[in-house]
Amino acid sequence: MPPLAAVNWMDAIGRWHPLLLHMPIGLLVALAWLRVMRIEARRAERSLLWLLVLSTWGAGVTGWLLHESSAYPDPVHLHEYLGIALLGLSMGLLWMHRFRQPWYAKGLALAMVLLVPTAHFGASLTHGPEFLWEPWQAQEKIDEVPESVVSQDPADEGFAPENATPSPAQRFAHVAPILEARCARCHGERKRKGGLALHSFEALQRGGDSGPVLDALDPAQSELWLRLQLPLEDEDHMPPKNKRQLSAAEQEQLRAWLFGEPSTPLAPSSVATPSQAPPLDLESEPYSSARGVLERAGVVVVPAAEEHHQLMLAWDGAEPLDADQQAAVQTLAPAVVEVRFVGRPVPSPWLETLASLPALQRLDLSRCELEHTDLRALQPAASLLEVRLARTSIGRGALERLLDLPQLDRAVLTGSGWREAYAGTSLPELPPQWIVGVREPTTALEQEPPVVFESDREPETTAQDSPNLSAVNTLCPVTGRPIDGDYRMVFEEQVIGFCCAQCLGRFAKDPEAYRSALPD
Amino acid sequence: MTDPLSERRLWLTRRRFLGLGAASLGACMGKAAFAGLRAPDADDALLAPHFAPQAKRIISLHMEGAPSQLDLFDYKPGLRQRFDQDLPDSIRQGQRLTGMTSGQARFPVAPSLFRFTRYANRQDGAWVSELMPYTGGIADRLTLVRSMHTDAINHEPAITFFQTGHPQPGRPSFGSWMSYGLGSLNRNLPSFVVLISQGFGNTQALSERFWGSGFLDGQHAGCKIRAGADPVLFLKDPAGMQRQDRRAMLDLVQALNEQEQREHFDPNIATRMTQAEMAYRMQMSVPELVDLSQEDEATLEMYGPDVRKPGTFAANCLLARRLAERGVRYIQLFMRGWDAHANLPKEIRDQSRAVDQPQAALVRDLERLGLLDETLVVWGGEFGRTVYSQGTLTHENYGRDHHPRAFTVWVAGGGFQPGIVYGETDDFGYNIVDRPVSVHDLHATLLHQMGIDHERLIFRHQGRKYRLTDVSGHVMKDLLA
């Protein structure tokens, strides 16, 4: 039992609702009985009415708490509103009994009428909306099941050849734990949201209010599968966004079952329901004290995802760890997927400890001072996907060691001195996704021409004629100095430029004297 | 008192106190009862992501004053033929303007003065203006969103909106939500750091509350690191004070605080205690952080000549990379001076020269250290600028007014799809015609990459639940790799 303070009191109290609600029902019936049978018992009635008001309040408050502390399918709101109406009416009855005798009987009749739908919707929540009609409908429903599915019913087992693949019904055991763990809380024997239950193969075949969920002819079109494949954001996605989703392995298992492919039941541990395999809870022992040891040593322990299955350890300014702290790392080891150990000396035994963490995927050793530069201590890191060695200094043999790591996808070697270490020897070929230095900028493909504005404000001629008006020469034919665009004249259908107004004047007087200085 | 989980547990609000119910009131008096204070409460944000994150941190490069998208990234060559023509009413559609141009007799189209170049990316190339050649050079690393839009038309509300998800002040800023939801990866530095660079153009006010924690605990507010001898104000011990004296003093004060905390459950006392410890550790970590002497020549050169001048955008970009390496969750850079109502060509030249090389260097530097994949670099202003000129339009000069309907933002790294251009504006760069992205959408997408469901990072305050994205925001899956 959890400590008192950890109990969810709203829930604990709310769960008395199903018990309490029967009191007002009984009292209302009793009060109505007294009137119908014309039994004169005014004092008894008054007393019962008080009891009615109190018990209705009790039922109302517990019902509200229950609704607040856990989610219920839709008729819950109707049930709630009707319940509140009944609460009001029961208080009204007390008042009418005292002051407005003639109204009392009518009020009582109204309460009896209201009671029926209130109770019905309430019962739908616990027994499923179909509960009342099921005895009539069950026969029709089974008749509706498509023949192809019926033939796969366990009853037909005898007809199947002995060496044939087992029918979906037989293989239902392979997915039952998944459905039980992920779906049955809302679609189970007790709660049947949307009329759907997934606790047995028969129930699964029956489908929900909106039709069957299995399509024997085209499994890919099965509602069960389609809903699962919808994007998480979609409101029809199942399980709902805020609930636990199926893992990849579970989805694959379900798919194999649906499509009739051979499959074996998942190991019990991989179909973890919250109660079976609690997520690695940082606040429980021994993880809590291991975390404490590390955090006191200046290590940040961060969950890598909500369920705390995966942890990241980040060292910031910490000394190499003593025996206690190493033991703490070992305690947390199954969950440690990432280690940041940046900018400090790394003794080889310590690197070996890190490398032997069974789940370690990412190791950041940037700016670290390595004891053995050939990285031999990294050898046990079989699960390592990425290692960062930027601005370290690694030596000969290190690249081969990295290439030997079976899972390694990427290494960051920028500034690690590997080129120098391998100078003069043949370099092992490195995978293209490894980062070994700064990447070149991307190339310019084209440049737009210089910006020229075409505007109705500008005189048309400038824009149109300017190409023709540029000078054919670059040096002034008179002085030999560079030309100035402002001084130009047309000579023999060519534009000649000059360095100044004087030169232009001189040229104009006697062009022949300068003809030799003109370009051909 | 340095364990973040137990610190979180000390949070006692009236709601939670009453929520315990009368039965456990007695138990409340002892410290053992604190375990129950964190009763199943779905509103409680976790010091853990909701799902496996792509990115571990965000570097936000905010161009304060709003740079002109038309002169940098939103290439509209067709406008060159429309110089000084009136902006058609069918484009403006009677949109409300700021008081600065609403009195103008006409709205003449001002095409960009700057040449654009098409850089290779993973699509058919990205057009970037001559003002940002280095940024063009990383076009294959960028997710260039040309279809951002915002709700506010003035700086103050628009920056507040961009930083806090709401145009009115009082909400926690993006970085504070990060710090609150994910905690820090380095306990020697704050998880949210702010760096400010002064610009060269028309400058707007920069309020401290742009990085405030709003109704979140004060420890989640951004910590400003300044240029110069005293990077964090009041951090240094007075001359002559020994570090062990400081420690002894802190221990005594903490003991008293702890006693007070046990009696009054005031979360501000817990904040004060955490902050004192943080400051003590920062006395060691900050000098090491801002000491750029460990950086080699090649690195400094990459960021350009300004990098040696503290406080410049270049120096702050390098500092941002150093903060990223050290595990800071949210690094907010502000570059001031983009508010070019007049003399835009001159101002934007100076502004762009100051940011272009450093911001490209930051992305390439993160990339070469293997950090870009887990770091989101976000670049953008609070809104865009108008296609029509504010004030006199000539071939050499023009100004542009505020324009919330369309602007450009880019993101690099952190699992965003590199080398794409997303969204499109009309021929005037005025309205979005394809795949708009709102500020809430951007926030939701960034949070998603940090492993956070934006609908579930919640804080209850004044009787309602608050989110960074308020009541909207969609994760833009198209932007993600």
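The values are calculated or read from the model by the stated rules, or taken from the named source; none is laboratory data. The model shown is predicted, which means the values in this text are computed figures rather than measured ones. Glycine gets a Cβ as well: all are built from the backbone with ideal geometry, and neighbour counts include every protein chain shown.
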Report summary line: Wholly inside segment A:1-74, helices (runs of 4 or more DSSP H) that include 2 or more residues that are more than 14 Å from every other protein chain (Cβ to nearest Cβ) and surrounded by 15 or more Cβ atoms within 10 Å (Cβ to Cβ) are A:17-20, A:22-36, A:42-69
Query - Boolean, A:Arg46 is in contact (Cβ under 8 Å) with a residue 60 or more places away in the chain and either in contact with a Phe, Trp or Tyr (Cβ under 7 Å, 6 or more places away or on another chain) or assigned by TED's automatic domain parsing to the domain that holds A:Ile84 (or both) - result: no
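Select, from B:Phe407, B:Phe416, the only residue that is in contact with a Pro (Cβ under 9 Å, 6 or more places away or on another chain), crowded, with 24+ Cβ neighbours inside 10 Å and at pLDDT 95 or above.
Result: B:Phe407 is the single residue among B:Phe407, B:Phe416 that is in contact with a Pro (Cβ under 9 Å, 6 or more places away or on another chain), crowded, with 24+ Cβ neighbours inside 10 Å and at pLDDT 95 or above.
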Report task. With the checklist (1) in a helix (DSSP H, G or I); (2) modelled with pLDDT of 90 or more; (3) touching a helix residue (DSSP H, G or I) at 6+ places or on another chain (Cβ under 8 Å) in hand, flag the one item B:Gln259 doesn't pass. Result -> (3)
Requested in this report: Enumerate the pairs (first residue in segment B:366-390 and within 14 Å of chain A (Cβ to nearest Cβ); second residue anywhere and among the β-branched types (Val, Ile, Thr) and in a loop (DSSP other than H, G, I, E, B)) with beta-carbon separation below 8 Å, excluding pairs fewer than 6 apart on the same chain, so at least 6 apart or on different chains.
Outcome: B:Glu367/A:Val438; B:Arg368/A:Thr414; B:Arg368/A:Val438; B:Leu369/A:Thr414; B:Gly370/A:Thr414
Requested in this report: Test A:Asp209 against the criterion of being of a type outside the set (S, T, N, Q) and free of Cβ contacts under 8 Å to residues at least 24 places away in the same chain, and give yes or no.
Outcome: no
Query raised in the report: Which one of A:Ala169, A:Ala203, A:Ala176, A:Ala181 is at pLDDT 50 or above, assigned to a helix (DSSP H, G or I), touching a helix residue (DSSP H, G or I) at 6+ places or on another chain (Cβ under 7 Å) and hydrophobic (A, V, I, L, M, F, W, C)?
Result: A:Ala169
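When only residues in segment B:45-72 that are hydrophobic (A, V, I, L, M, F, W, C) and either out of contact with any strand residue (DSSP E or B) (no Cβ under 8 Å at 6 or more places or on another chain) or within 14 Å of chain A (Cβ to nearest Cβ) (or both) count, which is surrounded by the most Cβ atoms within 10 Å (Cβ to Cβ)?
Once the filter is applied, the top-ranked residue is B:Leu70.
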Query raised in the report: Has segment A:149-157 got any residue that is over 30 Å from A:Gln251 (Cβ atoms) and either modelled with pLDDT of 80 or more or not assigned by TED's automatic domain parsing to the domain that holds A:Leu49 (or both)?
Result: no
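Residue check: is A:Gln221 touching a residue at least 24 places away in the same chain (Cβ under 8 Å) and out of contact with any strand residue (DSSP E or B) (no Cβ under 6 Å at 6 or more places or on another chain)?
no
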Requested in this report: Kindly indicate whether any position in segment B:339-357 is of a type in the set (A, V, I, L, M, F, W, C), out of contact with any Asp or Glu (no Cβ under 6 Å at 6 or more places or on another chain) and under 11 Å from B:Pro67 (Cα atoms).
Outcome: yes
Query raised in the report: Residue check, B:Thr394 against (1) free of Cβ contacts under 8 Å to residues at least 60 places away in the same chain; (2) more than 26 Å from B:Arg322 (Cα to Cα); (3) assigned to a helix (DSSP H, G or I), all met but one. Which one?
Result: (3)
Query - Residue in segment A:89-110 that is over 17 Å from A:Leu21 (Cβ atoms), over 52 Å from the mean Cα position of the chain (by Cα) and not in a helix (DSSP H, G or I) present - result: yes
Query raised in the report: In segment A:409-444, what count of residues is obtained for those that are surrounded by 13 or more Cβ atoms within 10 Å (Cβ to Cβ), more than 39 Å from the chain's Cα centre (by Cα) and either farther than 22 Å from A:Arg376 by Cβ or of a type in the set (A, V, I, L, M) (or both)?
Result: 1
Report task. Test A:Ala411 against the stated conditions and say whether it is outside any loop (DSSP other than H, G, I, E, B), within 14 Å of chain B (Cβ to nearest Cβ) and closer than 19 Å to A:Val342 by Cα. Result -> yes
**Report entry** Only listed residue being over 30 Å from B:Phe73 (Cα atoms), modelled with pLDDT of 85 or more and in the same structural domain as A:Glu400 (by TED's automatic domain parsing), chosen from A:Leu413, A:Leu475, A:Leu504
**Finding:** A:Leu413
Query - Count of residues meeting criterion [surrounded by fewer than 16 Cβ atoms within 10 Å (Cβ to Cβ) and either within 24 Å of the chain's Cα centre (by Cα) or not in a helix (DSSP H, G or I) (or both)] in segment B:293-307 - result: 1
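Could you tell me whether any residue of segment B:244-253 is acidic (Asp, Glu) and outside the structural domain of B:Cys317 (by TED's automatic domain parsing)?
yes
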Report task. May I ask you to list the residues in segment A:435-470 that are at pLDDT 50 or above, more than 23 Å from B:Tyr75 (Cβ to Cβ) and facing chain B (nearest Cβ under 7 Å)? Result -> A:Ile435, A:Gly437, A:Val438, A:Arg439
Requested in this report: Would you mind stating whether A:Ser393 is surrounded by fewer than 20 Cβ atoms within 10 Å (Cβ to Cβ), in a loop (DSSP other than H, G, I, E, B) and assigned by TED's automatic domain parsing to the domain that holds A:Ala304?
Outcome: yes
**Report entry** Whichever residue in segment A:396-408 is in contact with a Pro (Cβ under 8 Å, 6 or more places away or on another chain) and surrounded by fewer than 18 Cβ atoms within 10 Å (Cβ to Cβ) and, among such residues, is farthest from the other protein chains (Cβ to nearest Cβ)
**Finding:** A:Glu400
